[in-house]
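These notes are about the structure you will find just below.
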Amino acid sequence: MISPQVLIVDDEIPFVDTMTKRLAKRGFKVLKAFSGEEAIRILDENRNTDVVILDVKMPGMNGIETLKEIKSRNPLVEVIMLTGHATIDDAIEGMRQGAYDYLRKPCEIDELTTKLRKAVGKKREHEERIKEAKVREALARHGLE
């Protein structure tokens, strides 16, 4: 199985560097971005990204704005929102905009890893269903259903 690819988006460089090392040790391929704008560019260049770990509070393009842009460009990419300033309103808005889940910083690495693996599974299941539907459609077009 292909290693899951994760993009960590947070303006706190030490946090991103620490999480990158911890997730890499657990078998994830990790990309890093330090702003919402940079995250969008990286996702455009890395279409096989499975999950984005996204901080809510960032200067410039905040997490909710970044989430909306990610989902509009890459609807199958799952997003886990992270924040040290969690409010119920942020959680509700993130989930309404399509976030897979929401965690407070600092989060336990095992909890994050479990959520990442579930999110990767959900994305890959959706991709598989889309492939199967395309095959059925192609077969039906040629009278081979």
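Filtering segment 87-145 to residues that are on the phi > 0 side of the Ramachandran plot and at pLDDT 90 or above leaves only Gly98. Scanning segment 1-33 for residues that are surrounded by 17 or more Cβ atoms within 10 Å (Cβ to Cβ) and of a type in the set (Phe, Trp, Tyr) turns up just one, Phe28.
Scanning segment 68-107 for residues that are in contact with a helix residue (DSSP H, G or I) (Cβ under 9 Å, 6 or more places away or on another chain) and of a type in the set (D, E, K, R), we see that the one that is nearest to Glu37 (Cα to Cα) is Glu69. For segment 136-145, a tally of residues being exposed (fewer than 10 other Cβ atoms within 10 Å of the Cβ) and either among the hydrophobic types (A, V, I, L, M, F, W, C) or assigned to a helix (DSSP H, G or I) (or both) returns 2.
Exactly one residue out of Ile70, Ile53 is under 24 Å from Glu128 (Cβ atoms), assigned to a helix (DSSP H, G or I), modelled with pLDDT of 95 or more and of a type in the set (A, V, I, L, M, F, W, C): that is Ile70.
Count of segment 1-50 residues, restricted to those that are closer than 22 Å to Lys71 by Cα, in contact with a helix residue (DSSP H, G or I) (Cβ under 9 Å, 6 or more places away or on another chain) and either of a type in the set (Phe, Trp, Tyr) or in a helix (DSSP H, G or I) (or both), is 8. Of the numbered criteria (1) within 26 Å of His126 (Cα to Cα); (2) not in a helix (DSSP H, G or I), the one Ile92 fails is (2).
Every condition in (1) in a loop (DSSP other than H, G, I, E, B); (2) touching a residue at least 60 places away in the same chain (Cβ under 8 Å) is met by Lys123 except one, and the failing one is (1). The residues of segment 56-67 that are surrounded by 15 or more Cβ atoms within 10 Å (Cβ to Cβ) and in a loop (DSSP other than H, G, I, E, B), listed by number, are Val56, Lys57, Met58, Met61, Asn62. Ala99 satisfies every condition listed in (1) crowded, with 19+ Cβ neighbours inside 10 Å; (2) touching a Lys or Arg at 6+ places or on another chain (Cβ under 7 Å); (3) among the small types (Gly, Ala, Ser) except (2). How many residues does segment 39-76 hold that are hydrophobic (A, V, I, L, M, F, W, C), closer than 22 Å to Glu12 by Cβ and in contact (Cβ under 8 Å) with a residue 40 or more places away in the chain? Count: 5. Residues of segment 9-22 include at least one that is touching a residue at least 40 places away in the same chain (Cβ under 8 Å) and within 11 Å of the chain's Cα centre (by Cα).
The values are calculated or read from the model by the stated rules, or taken from the named source; none is laboratory data. This one's a predicted model, so the numbers in the text were calculated from it and none came from an experiment. Note: ideal-geometry Cβ built from the backbone for every residue, glycine included; neighbour counts use all protein chains shown.
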